[in-house]
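The values are calculated or read from the model by the stated rules, or taken from the named source; none is laboratory data. For clarity, every value in this text was computed on a predicted model and none was experimentally measured. Cβ: placed from backbone, ideal geometry, glycine included. Neighbour counts: every protein chain shown.
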Amino acid sequence: MASRTIPLDLKLGRLVSRPNRFIFEGIANGQRQRWHCPVTGKIGKIDNFDGIPCLFTPATPADKRSTQGTVEAIHLREKTGWIGINQNRINGWIEEFLRKNAVPDLVNTRGCTIRHEVMAGDSRLDLVVENGNSRTFVELKTPTHDLLLTDDARFTTPSSGASFFERLIRHYESLRRLAADGNRTILVLCFMYDAPPFTPPPMDKWNEPIMRAAKHAQECGVENWQMNLHITPKSLKITRHMPVNRAYEF
């Protein structure tokens, strides 16, 4: 069976502040450092980052950056453990898992070609797995505004505009058209911690458009999956993955 683990080499630090949406200030090895924050919006419900442990990737001289690294994960409480926040890395990590055929019941990639950043209509989709004339399109989403730390996991109103929802609606529409043309299409909610099973959100002015888009996509055959991953200083591991079987109903 293919390995469901990717080796990492992350360093331990402690956050002090988030002076702006692009920067964390923190301490590692007794020294004050500035790290890149890979999430430009709100992270969970956190307003004060002082004292929060973090894992970061150190920058190298070749990076030619003004920061000493990038924060990859934070630690909020023992029950949850490390929570990965770097949405920019998830595409590469999931692609690596797929190339190893680590989740064949999600997408069997044996003998397949995998391409990333594929244009489909007016959307750029994350991955496409091709085997002859068969194509499986995979779009990955890693929500960080609503860290699903409760047993009732739902999206809520975004704190800084609706750009996440707008992109999600556009991607659902692209996946729906591809599914209608006979392709297999999958949207995967990726969480780099042990998130509870996702539940479609309640109806309100924010959620109605996305629920309609998701429902229409689901009716055309678009699959919804959830993947939970466990991140540590030394590895990233798939802990569980499952179809999201709850229907979008209204």
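Please go through the stretch 55-73 and pick out each residue that is part of a loop (DSSP other than H, G, I, E, B) and within 17 Å of Val16 (Cβ to Cβ).
Going through the stretch 55-73, the residues part of a loop (DSSP other than H, G, I, E, B) turn out to be 59-60, 64-68.
Result: Thr67, Gln68.
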Farther than 23 Å from Gly44 by Cβ, in the same structural domain as Ile231 (by TED's automatic domain parsing) and either surrounded by fewer than 18 Cβ atoms within 10 Å (Cβ to Cβ) or modelled with pLDDT of 85 or more (or both), is that true of Leu189? no
Mind checking whether some residue in the stretch 32-41 is basic (Lys, Arg), assigned by TED's automatic domain parsing to the domain that holds Leu189 and either modelled with pLDDT of 90 or more or assigned to a strand (DSSP E or B) (or both)? no
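Quick check, is Thr109 surrounded by 15 or more Cβ atoms within 10 Å (Cβ to Cβ), assigned by TED's automatic domain parsing to the domain that holds Phe22 and of a type in the set (Ser, Thr, Tyr)? If you could, list the steps in order and put the result at the bottom.
Details: surrounded by 15 or more Cβ atoms within 10 Å (Cβ to Cβ): yes; assigned by TED's automatic domain parsing to the domain that holds Phe22: no; of a type in the set (Ser, Thr, Tyr): yes.
Judged against the criteria, Thr109 is not a match.
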Return the residues of the stretch 223-250 that are of a type outside the set (D, E, K, R), at pLDDT 95 or above and in a loop (DSSP other than H, G, I, E, B); say none if nothing qualifies. Thr232, Pro233
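Out of the stretch 118-127, which residues are touching an Asp or Glu at 6+ places or on another chain (Cβ under 7 Å) and among the acidic types (Asp, Glu)?
The first filter runs over the stretch 118-127 and keeps only residues touching an Asp or Glu at 6+ places or on another chain (Cβ under 7 Å), leaving 124-127.
Listed by number, the list holds a single entry, Asp126.
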Specify the residue that is surrounded by the fewest Cβ atoms within 10 Å (Cβ to Cβ); the eligible residues are those in the stretch 66-100 that are of a type in the set (S, T, N, Q) and either within 16 Å of Thr185 (Cα to Cα) or within 19 Å of the chain's Cα centre (by Cα) (or both). Asn88
Find all pairs meeting these conditions: Cβ atoms under 9 angstrom apart; at least six residues apart or on different chains; first residue within the stretch 33-50 and among the aromatic types (Phe, Trp, Tyr); second residue surrounded by 13 or more Cβ atoms within 10 Å (Cβ to Cβ) and in a loop (DSSP other than H, G, I, E, B). Trp35/Ala59; Trp35/Thr67; Trp35/Gln68; Phe49/Ile43
